[in-house]
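Participant: My questions all concern the structure below.
Bear in mind that the values in this text are calculations on the coordinates, not laboratory data. Remember, predicted model here, so these are calculated numbers, not experimental data. Cβ placement follows ideal geometry from the backbone for every residue including glycine, while neighbour counts extend to all protein chains displayed.
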Amino acid sequence: MVIDTSKDLVPARPTGIWSWITTVDHKRIGMMYGITALVAFFVAGLQALLIRLQLTNANGTVLSADAYNQLFTMHGLTMLLIVVMPVGAAFMNYFIPLHIGARDVAFPRANAFSFWLFLFSTVILLSSFVLGGAPDGGWFGYAPLSTQLEEYVRMDYYAVGAQLLGVASIMASANFIATVFTMRAPGMSLMRIPVFTWMAVVVSFLLIFSLPIFGVGLFQMFFDRNFGTQFFGGGGDPLLWQHLFWLFGHPEVYVLILPAMGIVSEIIPVFSRKPLFGYPFVVFSGIAIGFMGFGVWAHHMYTAGLGPVAEAGFGVATMMIAVPTGVKIFNWIGTMWGGKIRFELPMLFSIGFVSLFVIGGLSGVTHSVVPSDYQQHDSYYVVAHFHYVLFGGGVFGFVAGAYYWFPKWTGRFLDKRQGLWHFWLMLIGFNLTFAPMHILGLNGMPRRTYRYGEGLGFEFWNQVATVGSFIIGLSFLIFAWNLIRSRKHGELAGDDPWDGRTLEWSISSPPPVHNFDEIPVVEHVDDYWHRKYATDEEGRAVRMPDVSGGTVAADTDTGGDDSHEEDMHMPSPSYYPIVAAAGIGTMGYGFVYLPVGWIVVGIGALITMWGVFGWSLEPVTRGGEHE
Amino acid sequence: MKPTQRNREPAGRFRVVALVAVLGLSLAACSGSGPQTALNPEGPIADSINDLWQLVFIMATVVFIIVQGGLFYAMGRFRERKDDESEPVQLHGNTKLEIAWTIIPVVILASIGYPIVRGIFDVRTIPEGPDVLQVQVTGHQWWWEFEYVDLVGDDGRTLVTANELYIPERTDVNLTMTSADVIHSFWVPVLAGKRDVVPNRVTNLTLHANNATPPDQPHPGQCAEYCGLAHADMRFKVHVRTQADFDNWVEGQLAPAAEPTEGAAADGYAAFTTCIACHNATVAGSDGVEDVGPVRTLEVDGVTFTSSLAPDLTHFGSRMTFGAGTFENDREHLARWLANPVDLKPMRPELNDIEAGRILGMPNFNLSDEDIDNLITLLEGWK
């Protein structure tokens, strides 16, 4: 089919709310993931501050036990499933196609569907606060506590909300894998794709293999709660849930951290002006972490009574996962070694990531010391450990990515002065908050306790932690202001502000809808760097004369904008993804309120069918036109 | 290329941060304080765990210093300098180095593998023999029940108590544990690591204490697995006694409580009929010795556990605390408790179902001030 109107040839970027609702552009979907996650981050951060206020003094009275239990459950659920995972998805959506030289993901409408379903699941989970109470069984939802009180809908919200988030994630993951495996630019062999995109592939496989296990567990929990089965409670086995949950829950930890590791692996070479040290080792250690991540789940269960043999086996496996993690850290330091390090904001946050992640990694090794873990398990020591990994690691990495790529999103820099305030306040606040928790845990303070008595010596370090948490809060207010303000008023950045190495810096900022005017032909890892630099006899980089400074315009060697665009086929916008997702979300609400909710389930099913049929029968159009 | 905007020696500031981090962690290692700490063990089991922790902590600290040192050295040594226009050598990697920093951590980790595995088997060994004190533990939302299965009174009843465990010093104690409802975890850090208490399963934990504790300073412990609303208030005490003192305590606990015949205590005993819907007490009255409240058991994996609806009150007056190790056992706290239990401790008595054996806390019985006073007199008299 040849459609020959010049309007089609240059896909415009329409504006307005409808254009966002119907968008299938991976960059816009990435943005929406990011914005949703950022909002959720502030919600979950607020929950954390309330928790810290409650624990400031012995026998705190800021919150009731009931409120506290809902807040710590929702803080964990929100931060993991609605903040860190979607932030990863935001970066993946935006940069996988740009990294591999593609115009979009493999299934753009399915991509939109994944986002909308994620958004509706988020709404379901967060709305529980005002619709009968939020989940209060911990993010880990241990049975039979989670199946005990059928009088409350709280854990039904958990079972339904987490299930739908899982469906959204599985679909997004399949999409990313298909994109990377089938849509790479010519010459972009697997060992030439940027490390961030490699980590996205590993994460996608982890999710596809681990989420269905969680899904089964959630179904069983839902059945136990609503249909009288006894998978976990009654005559069932409470440990079954733990195995299912941690078979998902442990790989999930790597789902959260690997994208941040990928981001840092992009940033450190750029600001050291050297290629990533040991690229294949960094890639393969990421894959190794992914594989080994499935063999260590029972280290969350050392005190559950699996028997000494199982505990010893999982202890050794847990220890060994430190090896590929160490390889990554050594390679990052190796990248900086002999380089020319510019301490720009993305680099500061990346170094913060490496430094704090080392602490989190080492405290992780102490958990593999099983007898020692008999003491540390479910104490504040563990809270300290995973915040060093997920906040000191994950959040520092993602914030580094935000400072690094903000110029690509908007064409402007984030303000450096505010950024430095953000960095130092966050670093100090973070350590003040979470370092004392090591001490609290070793001194016997258990997790998930809404209050502690006097005379146990817990007050001082809890007070320090509370002060630290508010410093973190302040630092993120600065960050939020910086994001809002710099979007319109930041210093202009040009297309390649950091002297970047990967393909996204070869196109304009912000990128055009179709990403690349001409699909690049790739010859190296860090292909864009090699277009700008050669090496002399000593191996030092030498700028090639034919390319001018930092604003390498979008490889204008094609000599015009219309010579290659005839085979450019951009997916057309569609509102059916949001319809189908809304239908499933409606069904979700119905399932929470069974048996009355069956009616709502029916309505939701009809809406879903409308969405799916409309989607399937939608004619293929071009250039944003609809029949 | 865009010039670097500000470049004033950030490496120096990083060194300060690193120093603070190292100091903080060292502090964590040395600051064993408070009665619930895992760092000041009071028995050989917690001791062996602590030794292992110290070993790994030192190794981790060395690795920490080396890695952070390398990071900070690289930051200082290889930072961009204004007068230096040269570009760095574009080094892509070094396979020998990669192999080295893969193998060396493996060797280091393998070296602690043996003590870890041995430690697991040591700590997990269930002590046997006639000298071992056998205690069965039943976890409840949100209190602990202890039954000394080998300590039997003249009337054939075993010693049953709640929330305060007494053990003799320098004796192996084998706890055989299960839960009546959801998963709990028994944790008294100065004596041992924690062990989950799981419904439908039996788990074991060994305790061994070096020295007797002063009467008013038992070792504190608490539930370590989130078990719902009042998880934070599911605490307990472990009193360690010399063998002679322990034997005295056993003798006292095995005797039934006396039925009061006059005064406030007798009035309290009349009001006590409200309590015995859930609470048991073994009382010696005119008709002989009888259990006035419900006595229930739970069979798990061939082991029969006492599984009461609420703590046994026979020797309530001898306990230091109540409300699962949470409140001082004195008139003031008891009066508040009896006036409205959920005012002191969060519970869900509105969901109680005695027939089904599901108790989620003590309801408010709207007792009169007089009844409350008399009940306190009764209970404090039952030493």
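Participant: Hey, what did chain A get for relative contact order, percent, Cα under 8 Å, at least 6 apart?
Facilitator: Relative contact order comes out at 18 percent.
Participant: Can you tell me the mean projection area, over all orientations, of the convex hull of region A:572-627's alpha carbons? Units nm², please.
Facilitator: 3.5 nm²
Participant: Another question about this same structure. Which lysines, if any, have their Cα less than 20 Å from the Cα of A:K532, not counting same-chain residues under 8 positions apart?
Facilitator: Straight-line reach from A:K532, under 20 Å: A:K274, A:K340, A:K408, B:K2.
Participant: Give me B:V117, B:V132, A:V282 ranked fewest to most by other Cβ atoms within 10 Å of their Cβ, as a rough exposure proxy.
Facilitator: So the ranking, lowest neighbour count to highest, is B:V132, B:V117, A:V282.
Participant: Right, another one. Take the Cα coordinates of region A:148-193, assign each an equal point scatterer, and use the Debye formula without solvent to give log10 I(q)/I(0) at q = 0.19, 0.21 Å⁻¹.
Facilitator: Taking Cα atoms of region A:148-193 as identical point scatterers yields -0.69, -0.75.
Participant: Under the rule a/c < 1.5 gives rounded, and otherwise a/b versus b/c splits prolate from oblate, where does region A:1-157 land using the Cα gyration tensor?
Facilitator: prolate
Participant: Report the far tail of the P(r) of chain A, meaning the percent of Cα-Cα pairs longer than 33 Å.
Facilitator: 46 percent
Participant: Excluding residues on the same chain fewer than 8 positions from A:K488, give the aspartates and glutamates whose Cα lies under 16 Å from its Cα.
Facilitator: Within the straight-line cut-off, A:K488 pairs with A:D415.
Participant: If you don't mind, another one. For region A:103-122 and region B:179-236, what is the centre-to-centre distance using only Cα atoms, to the nearest Å?
Facilitator: Centre-to-centre (Cα) distance: 47 Å.
Participant: Classify region A:101-143: rounded, prolate or oblate, from the alpha-carbon gyration tensor (a ≥ b ≥ c, eigenvalue square roots; a/c under 1.5 rounded; otherwise prolate if a/b is larger than b/c)?
Facilitator: Prolate shape, in that a/c is at least 1.5 and a/b is the bigger ratio.
Participant: Then there is this: Pairing the Cα long axis of helix B:243-254 with the longest principal axis of chain B, what angle in degrees results, from 0 to 90 and rounded to the nearest 10?
Facilitator: The answer is roughly 50 degrees.
Participant: Which percent of Cα pairs goes in each bin when the distances of chain B are cut into 10 angstrom slices starting at zero?
Facilitator: Binned Cα distances yield the sequence 4, 19, 25, 18, 11, 9, 7, 4, 2, 0, 0.
Participant: What is the angle, in °, between the Cα long axis of helix A:308-320 and the longest principal axis of the Cα atoms in chain A? Nearest 10 is fine, range 0 to 90.
Facilitator: Helix A:308-320 and the main axis of chain A meet at about 30 degrees.
Participant: Which residue fluctuates most in the GNM of chain B (Cα springs below 10 Å): B:L109, B:L175, B:L338?
Facilitator: Its mean-square fluctuation being the largest, the pick is B:L109.
Participant: Of the DSSP beta bridges with both residues in the protein assembly as shown, give the percent that are antiparallel, rounding to the nearest 5.
Facilitator: Here the share of antiparallel DSSP bridges comes out near 75 percent.
Participant: With θ set to phi - 60° and the Karplus curve 6.51 cos²θ - 1.76 cosθ + 1.60, what are the ³J(HN,Hα) couplings of region A:119-135 in order, to the nearest whole Hz, using x for Gly and Pro?
Facilitator: My calculation for region A:119-135 gives 5, 5, 4, 4, 4, 4, 5, 6, 6, 4, 4, 9, 10, x, x, 7, x Hz in order.
Participant: Based on the alpha carbons, how large is the Rg to Rh ratio for region B:274-313 when Rh follows Kirkwood?
Facilitator: That ratio is 1.08, to two decimals.
Participant: By count of other Cβ within 10 Å, fewest leading, how are A:S509, A:S121, B:S286 ordered?
Facilitator: With the fewest neighbours first, A:S509, A:S121, B:S286 line up as B:S286, A:S509, A:S121.
Participant: Semi-axes of the equivalent ellipsoid of region B:68-171: what are they in whole Å, largest first, if each equals the square root of 5 times a C-alpha gyration tensor eigenvalue?
Facilitator: Sorted largest first and rounded, they come to 64, 20, 11 Å.
Participant: Describe numerically, in nm with one decimal, the distance between label points set 7 Å from Cα along Cα→Cβ at A:A58 and at B:E128.
Facilitator: Result for the modelled spin labels: 4.4 nm.
Participant: Also, quick follow-up: If each DSSP helix of 4+ residues adds -39,500 (n - 2.57) and the sum is divided by the residues in the protein assembly as shown, what number results at 222 nm, nearest 500 deg cm²/dmol?
Facilitator: Only helices count here, giving -17000 deg cm²/dmol.
Participant: Points 7 angstrom from Cα along the Cβ direction at B:V202 and B:T261: gap in nanometres?
Facilitator: Those two pseudo-labels are separated by 4.5 nm.
Participant: Given Cα pairs under 8 Å that are at least 6 residues apart, what percent is the relative contact order of chain B?
Facilitator: So the answer I get is 15 percent.
Participant: Kirkwood hydrodynamic radius of region B:193-318 from all distinct Cα pairs, in Å?
Facilitator: 17.6 Å
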